[in-house]
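A quick write-up on the structure given underneath.
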Amino acid sequence: TDNAQQILNQSMQYGGFFSNNDAKQYEAVLGQNIANELFPGQVPLGQTFSFRCQDFVIVGVFNKFDTSPLSLNTNFNSVIFIPYSVARQFEAGPAAIYEIIVKPASSADVGKIVSNLKHELAQNHGNSKDFSVLEQKQSLVASDTILNLMTDLISGIAAISLVVGGIGIMNVMLV
């Protein structure tokens with residue numbers, strides 16, 4: 001939607017983000033990597049690309065995202081943003097949604113918003129729990145756990161290497 005730039009809290013390198021008035025137009029905003037891949041060494045504003053036999057005009061390019069805001073699973077430097085109303089035209093029914101990013105006005109509202117989201121999604125999915133709602137801190141805990149496992153693995157490999165190296169040096173000294 002037109003407020004994605006505010007939610008992502010990211011500035012534009014070129015152009016601007018599409019507005020609510022542009023919602024039915026075939027316009028796109030590119031991440032840095034995809035802009036460089038499609039139009040190497042060029043400023044892509046006003047250029048077009050084709051997706052499903054439809055030409056899209058590039059109206060903006062984001063500055064490089066150092067980290068993916070609000071989502072650890074998505075690389076926003078390789079994303080193409082198009083209006084949701086246009087994306088719906090490519091599907092037989094409503095456009096498939098794989099991820100919804102929500103940014104509360106204040107951190108005090110997070111618990112209430114998560115609760116409301118779970119309730120609304122459950123109603124929209126026929127009370128089926130085929131979705132998950134994650135807070136950013138839960139994603140950070142998961143990535144922290146992975147980093148701790150990797151640290152333990154590397155420490156174990158280093159310990160084995162030291163033992164094997166020590167045995168080799170001991171054998172040479174005995175000889």
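Compute the angle between helix 136-174 and the longest alpha-carbon principal axis of the chain, please, reported from 0 to 90 degrees and rounded to the nearest 10.
In the chain, helix 136-174 runs at an angle near 30 degrees to the longest axis.
Using a Gaussian network model of the chain whose springs link C-alpha atoms within less than 10 Å, name the residue from 153, 134, 38 with the highest mean-square fluctuation.
Between 153, 134, 38, it is 153 that shows the largest mean-square fluctuation.
Would you mind getting the accessible area per residue of the chain, heavy atoms of the protein chains only, 1.4 Å probe, in Å²?
For the chain, the per-residue accessible area is 69 Å².
Determine the share of segment 102-175's accessible area contributed by carbon and sulfur atoms, expressed in whole percent, with a 1.4 angstrom probe.
That fraction is 65 percent.
How tilted is helix 110-124 with respect to the longest principal axis of the chain? Cα atoms for both, answer in degrees (0 to 90, nearest 10).
Approximately 60 degrees, to the nearest 10.
If you count only protein heavy atoms and use a 1.4 Å probe, how large is the accessible surface of residue 169, to the nearest 10 Å²?
The accessible area comes out at roughly 110 Å².
Once amide H atoms are built 1.01 Å from N in the peptide plane, which residues 5 or more positions from residue 51, or in another chain, come under 5 Å H to H?
56
Hey, can you grab everything whose amide H is under 5 Å from the amide H of residue 14? Only 5+ residues off in sequence or another chain; H modelled, so Pro and N-termini drop out.
61
GNM on the chain, C-alpha springs below 10 Å: top fluctuator among 37, 27, 135?
Looking only at 37, 27, 135, the largest GNM fluctuation is found for 37.
The values are calculated or read from the model by the stated rules, or taken from the named source; none is laboratory data. None of these values were measured; they are calculated from a predicted model. When the accessible area is computed, the model is the full protein with side chains, heavy atoms only, and any ligands, DNA or RNA have been set aside. Shrake-Rupley method; radii C 1.70, N 1.55, O 1.52, S 1.80 Å.
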